[in-house]
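Participant: What follows is a single structure, and I will ask about it in a moment.
The values are calculated or read from the model by the stated rules, or taken from the named source; none is laboratory data. Nothing here was measured: the structure is a model prediction, and the numbers come from that model. Here Cβ is always computed from backbone atoms with ideal geometry, including for glycine, and neighbour counts include all displayed protein chains.
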Amino acid sequence: MLAAWLSSYPGHLRPRLDLSVHWKKARYAIGADFRVATGVGPTDDYRDRLSMVAISPFGVRYFLFDSSFTPHFGAGVSWTAVVVERSTAGGHFKAEGNGPGGWLEAGLEGFRKSGKRLVMGVRVTFPAYRLSRSGRAYQAVPPLSACCEGKVWAAPIDIFCSLLF
């Protein structure tokens, strides 16, 4: 599967590439995926950069109904590496880290009875590590500013729409 995802990290949408393999039955699916996102976002007040790689060696989805269109819920384990940078007139901020974690998702899958499937949903990745941060512009990064000096914890949110074939 090849998919386009949007990552909200830190509060701005970025495109993402997703490569997945799934074994599917009528009410559940088991699979693995590799996701990568990167991008630079200039605005009038600052310039930021996001890079994220996520490898999920095991994940499951449960489908509520055995019909062509059905809601689904999923969970899995992953390893992620994240770098977030922001430059402002007030300074430079950088947060980075890598390690294990998990994810939860909810969505809708359509055209399940055909050869191609449409999957839409939201995934939240919960890293089991904190990002190490440096710099003085972190006040401008709301999801990363609510923690103590030096380390910060943040959970990326993915909004996705995928075509499986």
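Participant: Counting only residues that are closer than 17 Å to ARG35 by Cβ and touching a helix residue (DSSP H, G or I) at 6+ places or on another chain (Cβ under 7 Å), how many does the range 85-131 have?
Facilitator: Matching residues across the range 85-131 total 0.
Participant: Name the single residue, out of those in the range 82-103 being surrounded by 14 or more Cβ atoms within 10 Å (Cβ to Cβ) and of a type in the set (A, V, I, L, M), that is farthest from ASP18 (Cα to Cα).
Facilitator: ALA95
Participant: Can you pull out the residues in the range 15-44 that are at pLDDT below 65 and either part of a strand (DSSP E or B) or surrounded by 13 or more Cβ atoms within 10 Å (Cβ to Cβ) (or both)?
Facilitator: The answer is VAL40, GLY41, PRO42.
Participant: Could you check how many residues of the range 145-165 are surrounded by 12 or more Cβ atoms within 10 Å (Cβ to Cβ), in a loop (DSSP other than H, G, I, E, B) and modelled with pLDDT of 55 or more?
Facilitator: Of the residues in the range 145-165, 4 are surrounded by 12 or more Cβ atoms within 10 Å (Cβ to Cβ), in a loop (DSSP other than H, G, I, E, B) and modelled with pLDDT of 55 or more.
Participant: If you don't mind, there's one more thing I want to ask. If you go through the range 119-144 one residue at a time, how many are farther than 18 Å from SER51 by Cβ, loosely packed, with under 14 Cβ neighbours inside 10 Å and either modelled with pLDDT under 80 or charged (D, E, K, R) (or both)?
Facilitator: 3
Participant: Now for a different question. Select, from SER78, SER68, SER56, the only residue that is modelled with pLDDT of 90 or more and loosely packed, with under 15 Cβ neighbours inside 10 Å.
Facilitator: Working: SER78 fails: loosely packed, with under 15 Cβ neighbours inside 10 Å; SER56 fails: loosely packed, with under 15 Cβ neighbours inside 10 Å.
The conditions single out SER68.
Participant: Ok, one more. Consider the range 101-118. How many of its residues are part of a strand (DSSP E or B), more than 18 Å from ILE157 (Cβ to Cβ) and either modelled with pLDDT under 85 or not aliphatic (A, V, I, L, M) (or both)? Please lay out each step first, then the result.
Facilitator: From the range 101-118, those part of a strand (DSSP E or B) are 101-110, 117-118; that's our starting set.
Filter once more, keeping what is more than 18 Å from ILE157 (Cβ to Cβ): 109-110, 117-118.
Subset that is either modelled with pLDDT under 85 or not aliphatic (A, V, I, L, M) (or both): 109-110, 117.
Final tally of qualifying residues: 3.
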